[in-house]
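Take a look at the structure below.
Bear in mind these aren't lab numbers, they're just calculated from the coordinates by the rules spelled out. Owing to the predicted nature of the structure, the values given are computational and were not obtained by experimental measurement. FYI the Cβ positions are ideal-geometry reconstructions off the backbone, even for glycines, and counts take in every protein chain you see.
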Amino acid sequence: MSDLSENAENGSTQQLSEHHGKVIMLSVAAAVGGFLFGFDSSVINGAVDAVQNNFGLTSFVTGFVVAIALLGCAAGAWYAGRWADRWGRTKVMLIGAILFFASSLGAGLAFSVWDLAFWRLVGGVGIGIASVIAPAYIAEIAPAAMRGRLGSLQQMAITTGIFVALLSDAFWANTAGGANEVILGMQAWRWMFLVGVIPSLVYGVLAVQIPESPRYLVATGELKRAADVLKRFVGMSAPERKIEEIQETLDREHAPSLRDLRGPAGKLLPIVWVGIALSAFQQLVGINVIFYYSTTLWQAVGFSESDSFVISAITSVTNMAVTVVAIALVDRIGRRILLLCGSVGMFLALGAMTLAFTQAVMTTASDGSQAPQLGSPWNAVALVGANLFVVSFGATWGPVVWVLLGEMFPNRIRGAALSVAAAAQWLTNFVVTTTFPPLSSLSLVLAYGLYTGFAFLSFFFVLWKVDETKGRELESMTGEVRSRHVAATG
């Protein structure tokens, strides 16, 4: 996949600036897939206790129902790159929107836990597709000087989706008097899922209106359409030269395959492992535990159900705010330094949460179940620590990993490598999400101690393995990355 910024020698800097607004709008439209990702990630937050009680689930089955969507995400991410190269970026976006629409409707009307699990799996496939297509499309359409900021829109959309989901959950729960109470003929938790049909429709409409990627159009021989997109949306007055460059790249390439990810020795290229590890660390610090289970968590440490919804919503607003900071900084100070600072911040915040939970006292509920309770001042320490963790993640690892995944791989393997890295991210998310309920039932100190350890390790991984990509053209990175990493395997 190729960067579509105009060469300075074409003398089109002024024209490109005039078209920045159009490029931004295209990037925003593509990033709506991230909104669906964030919405799906957190809509289960307000419904999880009600679903568990409604269907009489164990903690393991509850964790599985919450996390099964992530298996679908992994499958969708795995195939998205190849589907996009075969059918086009916008058509695959539309497929993702349709799947999420069906999932929202099916989950809201689920008649059993396995029915609910199936529809969450279907929605996960759609989210996985969106998670790959959005950063790839944005990387192809964005000028190099803006690529980091526009790539960060994916994370901004994710955080917005999280906020809207939590706000919607709080509305239905408070209106009905509880997530398991009936409103308008159905339990509130069902309405929480049904609201998802609205953003899925918006995403579908946008997918059929935005232009196809010029690189895909050139690959399929539609040169006139490619030239029109480059003129109208990217601002190139003479797009013929860029089309020739794309054609030359395509002539050197062959149909993308997972075989391309292996070096001469048959092992995965080191750059692919870096992408996989970045994706894994982004989830191993436990960020989605906050967004999937925070309502349950805050009740466990002494807050009421109503207060827990409010705290979760405040946390999501914080996440949105610091993502704006990341968008402002990523093209100024670079990707690598942001990741390093984020690792330090996450380590300190998670460490504070782990310390707070060492002071928890187990209490027995009326049904005989036990849950940890935090008294003053440790409940405040846990609350502040969780929000500082969200700040550290949202300003760094949240958006920056998506930016890097969209731009760090050589052109000839970008689609396949991005799919593998995104699939690894979803699988890691699945493992973290399914293990949190049993881990937390054993010890919250153990759970958050593990996340603290991974935050510590992430610092040294970035320090030793991640290269800076700020301000560099995708084509210029391709040759350097290819020669360096092929040599490392040879």
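Here are some notes:
- Ranked E181, E248, E140, criterion: other C-beta atoms within 10 Å, fewest first: E248, E181, E140
- Per residue, the convex hull spanned by the Cα atoms of segment 149-215 measures out at 95 cubic angstrom.
- Calculated from backbone phi, Karplus (6.51, -1.76, 1.60) coupling profile of segment 57-72 in Hz, x at Gly/Pro: 9, 7, 5, 5, 5, 4, x, 5, 5, 4, 8, 4, 4, 5, 5, x
- Longest to shortest principal axis, alpha-carbon extents of segment 182-249, angstrom: 62, 21, 14
- When Rg and the Kirkwood Rh are both derived from Cα coordinates, the Rg/Rh ratio for segment 83-176 amounts to 1.07.
- Ordering I95, I337 from the fewest to the most neighbouring beta carbons within 10 Å gives I337, I95.
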